[in-house]
């Protein structure tokens, strides 16, 4: 498996709108890509930082998604919420071990 975590700052007044947009628009776009496993939007209440956590079957599936126009489409979808000059900064990880709960 392969994980992408993207960090950015959202305007404080976007609390609620961010999760609704993530669930209603961004996740369905990712679900259309082969190899997509899961997505979560993380935040601490009252804070501006957001983390989009996505899991992919393997690096090849992730790279196919990144090469598609859909990643930029999702990024632009949230642009009105970004703190000025801020865009998501991704960090990519290979899953080395895991535990199923």
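A short reminder: the numbers here are calculations on the coordinates, not readings from a lab. Note that the coordinates shown come from a computational prediction; the quantities given were computed from them, not determined experimentally. Reconstructed Cβ throughout: ideal geometry from the backbone, glycine too, with neighbour counts over all protein chains shown.
Brief remarks on what is shown
- Rounded if a/c under 1.5, otherwise prolate or oblate - the stretch 44-101, Cα gyration tensor axes: oblate
- A prolate overall shape is assigned to the stretch 2-94, the ratio a/c of its alpha-carbon gyration tensor axes (a ≥ b ≥ c) being 1.5 or greater and a/b exceeding b/c.
- Note on the chain: helix-only mean residue ellipticity at 222 nm, from DSSP H runs of 4+ residues weighted -39500 (n - 2.57) and normalised by residue number, equals -6500 deg cm²/dmol.
- Listed from fewest to most Cβ neighbours within 10 Å, the set 42, 63 follows the order 42, 63.
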